[in-house]
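Novice: Sharing a structure here in structure tokens format.
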Amino acid sequence: MFSRLLTLVKAFFNSIMGKMEDPAMMLEQTYEDLQSNLIQVRQAVAQAIATEKQLEQQLKKNQEQATTWQNRAALAVQQKNDDLARQALQRKQQYAQAVIDLEQQLKSQRELTTNLRSKLQDLENEVQKAYTKKQVLIARDKAAQATVKAGEILSKTTASGAMSVMEKMEAKVSEREAKAAALSDMASDNLETKFKSYEGSMDIEAELAALKGETPSTKLIVEEKEPMLIEVQDAETIEAPKAKQAEAED
């Protein structure tokens, strides 16, 4: 039981290793990894662009606020309200500092976005090249496998394949044909032997008849002619009275 389980585990492990070493499978897995990386980079670029847009919006709002408080400070000065003007200028400075910080962040973010976009373009080109190369390598691998399989079949056929079997079967068929011919000859010999035996007995009868002074052929002719002579005599005996009666009537 344990040995069978160990055998199954080994077979399963060998199957997995064989699949891992399969070029087509490795190429497909590599291409899928590239696709996954491409998706992640695209997501990063999209996020960078969104962050850039948010910074632009915040910068615009702070610029607007800085302008607004600048105008309010000027209005307070016109109203000869220096305290209110000072407060407006302080608020304006806060927004102005935010504008400076946002401009710096936006500059960095734009550089990051540009860099990510360049890397995304490079990765897309690599993925396209990888796809083309993957297809070519898989086709080459299939062609190589077909060639190897054909070579294995041809080597087996040449060594001990169909031709060897054909030759063996031809020898067996010839053997059976010879046996059938022998049986046919034996049957013909038996029939010929029977006729020869019969012909031999006829020759013996002929010799016996010769010793007795007669031949079977002569005896046969005599026996056939005697009835004919008897019939002729009977006919003459019957016709004679009829002829005499006819003369008397005349």
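The values are calculated or read from the model by the stated rules, or taken from the named source; none is laboratory data. Keep in mind it's a predicted model, so treat the numbers as computed, not measured. Glycine also receives a Cβ, built like all others from the backbone with ideal geometry; neighbour counts cover every protein chain displayed.
Novice: Looking at (1) within 30 Å of residue 130 (Cβ to Cβ); (2) at pLDDT 95 or above, find the lone condition where residue 60 falls short.
Specialist: (1)
Novice: Pick out the one residue from 61, 80 that is free of Cβ contacts under 8 Å to residues at least 12 places away in the same chain and assigned to a helix (DSSP H, G or I).
Specialist: Working: 80 fails: assigned to a helix (DSSP H, G or I).
Answer to the selection: 61.
Novice: I'd like to check something: does segment 57-68 contain any residue that is among the acidic types (Asp, Glu) and surrounded by fewer than 13 Cβ atoms within 10 Å (Cβ to Cβ)?
Specialist: Just the residues of segment 57-68 that are among the acidic types (Asp, Glu), to begin with: 64.
Keeping just the survivors that are surrounded by fewer than 13 Cβ atoms within 10 Å (Cβ to Cβ) gives 64.
Checked segment 57-68: at least one residue is among the acidic types (Asp, Glu) and surrounded by fewer than 13 Cβ atoms within 10 Å (Cβ to Cβ).
Novice: A follow-up question, please. In this structure, is residue 88 closer than 30 Å to residue 142 by Cα, in contact with a helix residue (DSSP H, G or I) (Cβ under 9 Å, 6 or more places away or on another chain) and assigned to a helix (DSSP H, G or I)?
Specialist: Working: closer than 30 Å to residue 142 by Cα: no; in contact with a helix residue (DSSP H, G or I) (Cβ under 9 Å, 6 or more places away or on another chain): yes; assigned to a helix (DSSP H, G or I): yes.
Taking the combined requirement at face value, the residue does not satisfy it.
Novice: When you scan segment 104-112, do you find a residue that is touching a residue at least 60 places away in the same chain (Cβ under 8 Å) and surrounded by 15 or more Cβ atoms within 10 Å (Cβ to Cβ), even just one?
Specialist: As a first pass, look at segment 104-112 and keep what is touching a residue at least 60 places away in the same chain (Cβ under 8 Å): 109, 112.
Now drop any that are not surrounded by 15 or more Cβ atoms within 10 Å (Cβ to Cβ), which leaves 109, 112.
Scanning segment 104-112, I find at least one residue that is touching a residue at least 60 places away in the same chain (Cβ under 8 Å) and surrounded by 15 or more Cβ atoms within 10 Å (Cβ to Cβ), so the answer is yes.
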